[in-house]
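Working notes for the structure below.
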Amino acid sequence: MGFESHEERMTEDQPESGAGAGVAVAEENTGETRVFTVGERTFVLDKKKAEEVFAAKKVINGVDTMTFNLLPLKYAWAYELYRNMKANHWEPEDIPMNVDIAQWRSTDQLTDSDRWIIRMGIGYFSAAEGIVGDNILHVIREVVTAPELKLVLGRHAHEENIHADSLLYMISSLGIDPHECEAMFVDVPSIVAKNEFVTQISKDLRRDLDMTQVENIQSLAKNMFVFGQCMEGTQFYGLFGMILSLYRQNKFPGIGQMFRYTLRDESNHIELLRQLLMHLVEENPQIWTNSFKEELVGLMQEAVSLEKKFIEDCLPVKSLGLNREDFEEYIDFIADRRLEGVGLPALNPGVKNPFPWLAETMDIKKEQNFFEGRVTDYQKSQALDPVDDDQL
Ligand SMILES: [Fe+2]
Ligand SMILES: [Fe+2]
């Protein structure tokens, strides 16, 4: 399944600028000491103690430390992801909304369908971002024991705060009644169904569970799969596609740009939860039974059918450049990619991506001028390549 071996993290120091640069974590064993070099910093650790700490680090049921010992890094990929996420930092106020506001107020620049998609987008994501952040912070991060995993999960939760904040910024800029947004996720049945699907999985773990029991580890694995691959990885993509279709038609440039930033963050979240799941399985192979794998595929199937109902609600009438069947096919395509990413069989092998242009719209790192303006301030010189979820 392509698990990364621990030896792979012991890479030689490498330049930290330019495409493909990574966080260098060099490690050297010299008799009684173990020397770790992380970027420009060097740490000399007692070899015996360092090895004990290293061996005691686990995704779950590892050593319980209150001191947050990041070193020695066992899950170097998590630390790299953390640095990548940090380098991509953005704030909603960096994005001008004046064109969006003018379009929203105009009587001839938008169709009813355009406005409805934006309302559905704001309504759905207002609830969804909070649900994800809460699950990351209060469920997954609580059970996970390795400090570097807690570190990156904390950043994940913070990015959900930024996304939730961006929705407030959109709502206030357009002058949408906030109660209307609340009504969307209480009254639109396809939004209620999508939210219930994930919150149920989250509730299962909100008890003091004995994490040495196979069924409890499976509950955690299910949570990581549902939130990472089904929700963030698949159920977010119907609206992402629709809003970026509007953006492509020069509608809602500010909202479109915020969703592009959000999507870049989501790519990292999907990868984080994919890696976590894979390492959890590697350390607890007894959970990865055929029946459990079938259960996960079944959950993805359920997620896809909920998403298709939601797409029907988003596109109740034919709209320019937005074809419901294409979006449904797109969801099938994305879902299979997520399944394959965790070593599970595709539901619709061979299904094609009906939106090849979307990869380019999502691929913000290739644009020369995209970071002009205030957002550039956040892009650190040591920025890593984002996880390539945008090669759709
Ligand atoms: Fe998010
Ligand atoms: Fe996310």
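The values are calculated or read from the model by the stated rules, or taken from the named source; none is laboratory data. Computed from a predicted model, the values in this text were never measured in an experiment. Using ideal geometry, Cβ is built from the backbone for each residue, glycine included, and neighbour counts are taken over all protein chains shown.
Might you check whether a residue that is out of contact with any Asp or Glu (no Cβ under 6 Å at 6 or more places or on another chain), part of a helix (DSSP H, G or I), within 11 Å of ligand 2 (Cβ to nearest atom) and of a type in the set (Gly, Ala, Ser) occurs anywhere in the stretch 232-251?
Within the stretch 232-251, one or more residues are out of contact with any Asp or Glu (no Cβ under 6 Å at 6 or more places or on another chain), part of a helix (DSSP H, G or I), within 11 Å of ligand 2 (Cβ to nearest atom) and of a type in the set (Gly, Ala, Ser).
Among the candidates Ala55, Ala127, Ala76, which residue alone is aliphatic (A, V, I, L, M), at pLDDT below 90 and either under 30 Å from Ala164 (Cα atoms) or within 16 Å of ligand 2 (Cβ to nearest atom) (or both)?
When all the criteria are applied, what remains is Ala127.
Any residue at all in the stretch 259-274 that is among the aromatic types (Phe, Trp, Tyr), away from ligand 1 (no atom under 16 Å from the Cβ) and within 21 Å of the chain's Cα centre (by Cα)?
No, because not a single residue in the stretch 259-274 is among the aromatic types (Phe, Trp, Tyr), away from ligand 1 (no atom under 16 Å from the Cβ) and within 21 Å of the chain's Cα centre (by Cα).
Among the residues of the stretch 143-170, write down those that are away from ligand 1 (no atom under 16 Å from the Cβ), part of a helix (DSSP H, G or I) and aliphatic (A, V, I, L, M). Talk me through it step by step, then tell me what you get.
Going through the stretch 143-170, the residues away from ligand 1 (no atom under 16 Å from the Cβ) turn out to be 143-151.
Keeping just the survivors that are part of a helix (DSSP H, G or I) gives 143, 147-151.
Within the stretch 143-170, Val143, Leu149, Leu151 qualify.
Taking the criterion of being surrounded by 22 or more Cβ atoms within 10 Å (Cβ to Cβ) and polar (S, T, N, Q), would at least one residue in the stretch 175-193 satisfy it?
Among the residues of the stretch 175-193, not one is surrounded by 22 or more Cβ atoms within 10 Å (Cβ to Cβ) and polar (S, T, N, Q), which makes the answer no.
Take the residues of the stretch 109-124 that are part of a helix (DSSP H, G or I) and of a type in the set (A, V, I, L, M): which is nearest to ligand 2 (Cβ to nearest atom)?
Going through the qualifying residues, I end up with Ile122.
With respect to Leu153, determine if the residue is farther than 23 Å from Val317 by Cβ, at pLDDT 95 or above and within 16 Å of ligand 2 (Cβ to nearest atom).
Answer is yes for this residue.
Which one of Thr33, Thr42 is modelled with pLDDT of 80 or more, out of contact with any helix residue (DSSP H, G or I) (no Cβ under 9 Å at 6 or more places or on another chain) and of a type in the set (S, T, N, Q)? Even if it seems obvious, please write down each step before you answer.
Details: Thr33 fails: out of contact with any helix residue (DSSP H, G or I) (no Cβ under 9 Å at 6 or more places or on another chain).
Just a single option satisfies the conditions, and that option is Thr42.
Tell me yes or no: at least one residue of the stretch 113-128 is in the same structural domain as Val226 (by TED's automatic domain parsing) and out of contact with any helix residue (DSSP H, G or I) (no Cβ under 8 Å at 6 or more places or on another chain).
Checked against the condition, which is being in the same structural domain as Val226 (by TED's automatic domain parsing) and out of contact with any helix residue (DSSP H, G or I) (no Cβ under 8 Å at 6 or more places or on another chain), the stretch 113-128 yields at least one hit.
Does the stretch 210-221 include one or more residues that are within 16 Å of ligand 1 (Cβ to nearest atom) and of a type outside the set (A, V, I, L, M)?
Within the stretch 210-221 (the criterion being within 16 Å of ligand 1 (Cβ to nearest atom) and of a type outside the set (A, V, I, L, M)), the answer is no, since none of the residues qualifies.
Answer with yes or no whether Val186 is in a helix (DSSP H, G or I), more than 16 Å from ligand 1 (Cβ to nearest atom) and β-branched (Val, Ile, Thr).
yes
What do you reckon, is Val99 in contact with a Gly (Cβ under 8 Å, 6 or more places away or on another chain) and touching a residue at least 60 places away in the same chain (Cβ under 8 Å)?
On the way: in contact with a Gly (Cβ under 8 Å, 6 or more places away or on another chain): yes; touching a residue at least 60 places away in the same chain (Cβ under 8 Å): yes.
Answer is yes for this residue.
Go through (1) crowded, with 17+ Cβ neighbours inside 10 Å; (2) within 30 Å of Ser202 (Cα to Cα); (3) modelled with pLDDT of 95 or more for Glu91 and report which single condition fails.
Just one mismatch for Glu91, condition (1).
Within the stretch 65-72, is even one residue touching a Phe, Trp or Tyr at 6+ places or on another chain (Cβ under 9 Å), more than 16 Å from ligand 1 (Cβ to nearest atom) and part of a helix (DSSP H, G or I)?
Residues of the stretch 65-72 that are touching a Phe, Trp or Tyr at 6+ places or on another chain (Cβ under 9 Å), as a first pass: 70-72.
Now restrict to residues that are more than 16 Å from ligand 1 (Cβ to nearest atom): 70-72.
Adding the requirement that they be part of a helix (DSSP H, G or I) leaves none.
Checking the stretch 65-72: not a single residue is touching a Phe, Trp or Tyr at 6+ places or on another chain (Cβ under 9 Å), more than 16 Å from ligand 1 (Cβ to nearest atom) and part of a helix (DSSP H, G or I).
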